[in-house]
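These notes concern the structure reproduced below.
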Amino acid sequence: MDGKLRDNDISHVVEADRAHVWHHLIQHAAWTGDDPKADPRIIVEGRGMRVWDQKGREHIDGVSGGVWTVNVGYGRERIANAVRDQLIQLPYFAGSAGSIPGALFSEKLISKMPGMSRVYYTNSGSEANEKAFKMVRQIAHKRYGGKKHKILYRDRDYHGTTIACLSAGGQDERGAQYGPYTPGFVRVPHCLEYRAQWDLEGEDYGIAAANAIEEVILAEGPDTVGALCLEPVTAGGGVIVPPEGYWPRVQEICRKYDILLHIDEVVCGVGRTGTWFGYQHYGVEPDFVTMAKGVASGYAAIACCVTNERVFDLFKDDATDPMNYFRDISTFGGCTAGPAAALENMAIIEEENLLENTNAMGDYMLDQLRSLQDKHAVIGHVRGKGLFLGAELVADRATKEPAAEKMVQAVVADCMANGVVIGATNRSLPGFNNTLCYSPALIATKDDIDQIVSATDAALTRVFG
Ligand code: PMP
């Protein structure tokens, strides 16, 4: 670590943080005592795959900034320089005006998304999803007298933190205390074969899981269902890679009932799974694609809702109707730093062949984690796509009883204490927050992966024996 700490009184920073910052996702009681080990963790600096905390301790980052975001790794001066130059030229202008990086990034993004055509800029992944929900609702009002307004979402998927996104949320513990919810969102079953709901395997299982969506559509009435919103690979709900056969059948069902397909690529988007977008593994043709985290690797806040021309056309087919446009704005959709950073981010992925690296290193990491499974009975199932992987921990392989949450957290904490950051899935369902997750930057090497896997190995031995 070179420097920044010397410029600050770090104990003052820690105290300011302890006194005034309300951190995401944690219970604060542990930080109010006198135990110095309970200090808030402050990450001070990052380079490549590594970060340093306030005590100067080095960590290899196995989760790209905590939540699967910093796809191109830390310390990318060319992104910082592009953002700096753009901020000096023009930081912001919103309303109905565009910007140079906004136009150029849209063009670049669409070049990677055959069949799609329009980019609507927003502030966050949740908001990008809300835009798609609003478009679906507006189409329902415009075309179907408001009737075709329901939005289907899947058990264990997550689409964001707002009340509407939580209404479309398949992780019950995340939403449990924030009702009442927005009506018009309907749940369909998840497709995780390891936790099977049908006595079938492989492709047959995938088709059955998709057919379960059709059953919900028929029960609700196809003329009331406007859209289906799915993650390509479920992230926080347990790193769920859909079985063969699932996606083609999902597409068929959407076409059969004239249901718009919304794919939430907030996690998988921009390289994470080894293709530009997760849905591109499966030959799917979506109507909406939302994205956020990896778009600019966290160097600037940017998210967007991308649509095809079929959707866009519905908002401009009658210029004489004053209601016939998308009555929506995002204040920070007018920031130029986001698309300026996103352009460089994509150029880095192309120039450094990071999609190829993601596929090669993803396969390697999957193999390494599967070898760990031979050694540790507590690993019930390993799964993943590209550099997005999970290892589900169970108390008993035969019954698949989930490992206790405290033990899973102890594995994460042990890795952290030994300089390796890994994650565990969020509280998706009681007892199901038992999947260790890994999403190193797309620049990861075999050595990096070996370090992450061997820290997991040692932690599993220490925690489970
Ligand atoms: N969709 C998915 C699949 C996510 O994982 C997340 C965030 N973890 C969101 C949407 C919401 O994104 P944001 O936090 O940027 O609002």
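Please treat every number below as a calculation from the coordinates, not as lab data. Worth saying up front: this structure is predicted, and the values here are computed from it rather than measured. Cβ placement follows ideal geometry from the backbone for every residue including glycine, while neighbour counts extend to all protein chains displayed.
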Handout entry: Under Karplus coefficients 6.51, -1.76 and 1.60, residue-wise ³J(HN,Hα) of region 243-253 in Hz, glycine/proline x
Key = x, 3, x, 5, 5, x, 5, 4, 4, 4, 5
Handout entry: Structure-based [θ]222 nm, the chain - -39500 (n - 2.57) summed over DSSP H runs of at least 4, per residue, nearest 500
Key = -11500 deg cm²/dmol
Problem - Anisotropy class of the chain from Cα gyration tensor, a/c 1.5 cut - result: oblate
Fill in the blank from the handout: Residue-ordered couplings for region 369-380, obtained by feeding phi - 60° into the Karplus form 6.51 cos²θ - 1.76 cosθ + 1.60 and rounding to whole Hz (Gly and Pro as x), are 5, 5, 5, 4, 4, 5, 8, 10, 5, 5, 7, x
Fill in the blank from the handout: Distance in nm between N81 and R370 label points, each 7 Å along Cα→Cβ, equals 4.3 nm
Problem - Extension gain from Q409 to D223, taking 0.36 nm per residue of separation minus the Cα-Cα distance - result: 62.5 nm
Exercise for the section: Name the shape class, rounded, prolate or oblate, that the alpha-carbon gyration tensor gives for region 274-345, where a ≥ b ≥ c are the square roots of its eigenvalues, rounded holds for a/c under 1.5, and otherwise prolate holds if a/b is larger than b/c and oblate otherwise. Expected result: oblate
Problem - Residue exposure sequence - D9, D448, D328 - by fewest surrounding Cβ within 10 Å - result: D9, D328, D448
Handout entry: Residues whose placed amide H lies under 5 Å from that of L260, excluding near-sequence neighbours
Key = A227, L228
Fill in the blank from the handout: Exposure proxy check on S126, S117, S111: fewest-to-most Cβ neighbours within 10 Å is S111, S117, S126
Practice task
Would you please classify the overall shape of region 309-462 from the alpha carbon gyration tensor, given that a ≥ b ≥ c denote the square roots of the eigenvalues, rounded means a/c under 1.5, and beyond that prolate means a/b larger than b/c while oblate covers the rest?
Solution key: prolate
Practice task
Please list, in chain and number order, the residues 5+ apart from T234 or on another chain whose amide H is under 5 Å from its amide H, with Hs placed from the backbone.
Solution key: I240
Problem - Loop GluC sites (Glu not before Pro), region 139-225, which have at most 14 other Cβ atoms in a 10 Å radius of their Cβ (DSSP) - result: E201
Practice task
Arrange S124, S439 by Cβ neighbour counts within 10 Å, fewest through most, would you?
Solution key: S124, S439
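As a quick test, which of the pairs K150/K385; K293/K316; K55/K400 have an alpha carbon distance above 32 angstrom in this structure?
Going by Cα-Cα distance, K55/K400 fall outside the 32 Å limit.
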Fill in the blank from the handout: HN-Hα couplings for region 285-301 via Karplus (6.51, -1.76, 1.60; θ = phi - 60°), in whole Hz with x for Gly/Pro, come out as 10, x, 9, 10, 10, 10, 8, 7, 3, x, 4, 10, 6, x, 5, 8, 7
Completion exercise
For V44, other-chain or 5+-apart residues with amide H closer than 5 Å (H placed, Pro excluded) are W52, D53, Q54
Handout entry: Estimated distance in nm for a label pair at S111 and D313, the labels positioned 7 Å out from Cα along Cα-to-Cβ
Key = 2.6 nm
